[in-house]
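Data first, discussion second: the structure below is written as structure tokens.
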Amino acid sequence: MLVRFVINNVYSFGEQKEFNMLPQPRYKPHNHHKYSECGLNLLKMASIYGANGAGKSNLVKALDLLKDIVTTEMLPANIQDIAFKFNNDKSILFAIEFISNSKVFIYGLEISRQTVITEELYLSGVGKRDDELIFERKTNNEGSTQILFSNEFMMDSENQILKKLIEKSFSKSNKPIFKLLTTLKNPQLELVGDAYQWFEDCLQIIFPSSKPAALAHHVDIDDDFKKYTIDILKAFDIGIVNIVLEKKQMKEFFGDSADYDIEELIKNIEESPSKMIALRNSNGDELIIVKENNDYIVKHLFLEHLGIGESVKRFDLDEESDGTLRLLDFIPAFKVIVSKKKVFIIDEIERSMHPVLIKKLIKKFSSDENTKGQLVFTTHECNLLDQSIFRQDEIWFAEKDRKGCTDLYSLSDYKEHNTIDIRKGYLNGRYGSIPFLGNLDELNWHSYDTTKT
């Protein structure tokens, strides 16, 4: 579960800002939106509003960047493109507090150019006791690494040798050591593995261009997921009555098509740990090719629609609307987030979706008292600014200041009454973070001579 995320000098965040999932104690509505974990109360969801260019998507990009650095052990190729443009000579800072395997961790990372300046992992004391060191790594001016471990770790003479080996041979100044430490079989480093698992498995980020992986395969092997998908599609009353999976042998499916090299596909499947690959056909539909019973099977999804005279017709996914496809993209995420303690961050959740549909989906998640995960999303959709759906501390705003820095703040900072129409207040500029269009009224676009080139 996500507790808080702090960033400085990343994208449009020129000054240190914090986003958190901590409820305000004084706020009582939607009490079922609070989860109790490891002595902390955490919120189940949050929405982030802001004008175009305000930086709300940069918060999602920053989280995605941190996850990528941790899991790939690679810094971005050009740090200058990541840093705040007006401060790109300064270091970049990430700090994140999260819960993994019933423990609260704090991970911090400071980078400059192609060097990890500081990297640290602590067990959080959640404000009630001191944080406990797991590891702290620093890089000096000569590019050498120094690492501190817990006293318990250093009491073992073999661990002292291991520490020196990591510093001299395993660590690189341009690579984090977080993932590296998970590969070492050492009882005192098991906590590192617990923390790393959160980045690898729990934190899921969805951009407008993201697609669910292996949807056809999940429909094929998981009857419960298939039923859930069909029920969701039917509930939205968009004319879809069934989801159909077509399975064919690979050579039969592709036939004599010159677009695919069968032998190359087989090679890629055999090299895959899951014995499965995904590719897109000329229409953009996902095709899953999997080895089953020593044969290579192509799995392809279709949707069935109800039409004239109660007739049912099969449609390719490329024949569906963008909104239907976007809904299909969300279904695996909501299936997981309802039943598991995972964190889904979605950028522009309303993209291609009708306002009524997206509001219905969010309201369903909001009202369900048995959800397990967290949902955070950015949006322009002001119809979601509804206190029957959100707590005030679940609504955030992003706004650029005069220095070009993104500011982040919560609606709960305004201490509004829980009956006020916050949508109306937002559109009237009460909370900021909306476009300022004063100069547009003064624009005389008829004055431009369109005959000149």
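Spread over its residues, the convex hull of the C-alpha atoms of the chain is 236 Å³ per residue. Around the Cα centre of segment 117-180, unit charges on the Cβ atoms of Lys, Arg, Asp and Glu (plus for the first two, minus for the last two) sum to a dipole of about 280 debye.
Sequence-distant contacts, meaning Cα pairs under 8 Å at least 6 residues apart, place the relative contact order of the chain at 19 percent. Estimated from helices alone, the mean residue ellipticity of the chain at 222 nm is -7500 deg cm²/dmol (sum of -39500 (n - 2.57) over DSSP H runs with n ≥ 4, per residue). Placing unit charges on the Cβ atoms of the charged side chains and taking the dipole of segment 367-420 about its Cα centre, the candidate lying farthest along the positive direction among 367, 406, 387 is 406.
What the Cβ-Cβ distance of residue 340 and residue 154 gives, at R0 = 25 Å and to the nearest 0.05, is a FRET efficiency of 0.10. Between residue 140 and residue 259, the simple label model (points 7 Å from Cα in the Cβ direction) yields a spacing of 5.9 nm. Distance distribution P(r), segment 287-386, all Cα-Cα pairs, bin width 5 angstrom from 0: 2, 10, 16, 17, 15, 15, 12, 8, 3, 1, 0 percent. D by Stokes-Einstein for segment 191-232, Kirkwood Rh over Cα pairs, 10 °C, 1.306 mPa s: 125 µm²/s.
How large, in Å, is segment 302-347 by the Kirkwood hydrodynamic radius built from its alpha-carbon pairs?
After inverting the mean inverse Cα-Cα distance, the result is 12.7 Å.
Remark: the residue 368-residue 22 segment gains 122.6 nm on full extension, using 0.36 nm per residue and subtracting the alpha carbon distance. Here is the list for segment 290-384: trypsin sites (Lys or Arg not before Pro) lying in DSSP coil, each with at most 13 other C-beta atoms within 10 angstrom of its C-beta, are 340.
In nm, to one decimal, how far is the modelled label at residue 186 from the one at residue 274, with both set 7 Å along Cα→Cβ? Distance between label points: 3.3 nm.
Taken per residue, the accessible surface of the chain reaches 51 Å², heavy atoms only and a 1.4 Å probe.
Between residue 321 and residue 403, residue separation times 0.36 nm minus the direct Cα-Cα distance comes to 25.4 nm. When both segment 35-83 and segment 143-214 are represented by their alpha-carbon centers, they are found 20 Å apart. Expressed as a whole percent, the accessible area of the chain that falls on carbon and sulfur atoms is 48 (1.4 Å probe). Here residue 89 and residue 194 are evaluated by their C-beta separation; at R0 = 41 Å the FRET efficiency comes out at 0.65. Centre-to-centre separation between the Cα atoms of segment 220-250 and those of segment 317-342: 11 Å. Among the trypsin sites (Lys or Arg not before Pro) in segment 156-200, those located in a DSSP loop and surrounded by at most 12 other Cβ atoms within 10 Å of their own Cβ are 185.
The values are calculated or read from the model by the stated rules, or taken from the named source; none is laboratory data. As the structure is a computational prediction, the values presented were derived from the model and not from experiment. When we count neighbours, we look across all protein chains shown, and the Cβ atoms used for this are built from the backbone with ideal geometry, even at glycine. Just the protein is used for accessible areas: all its heavy atoms, side chains included, with ligands, DNA and RNA removed. Shrake-Rupley method; radii C 1.70, N 1.55, O 1.52, S 1.80 Å.
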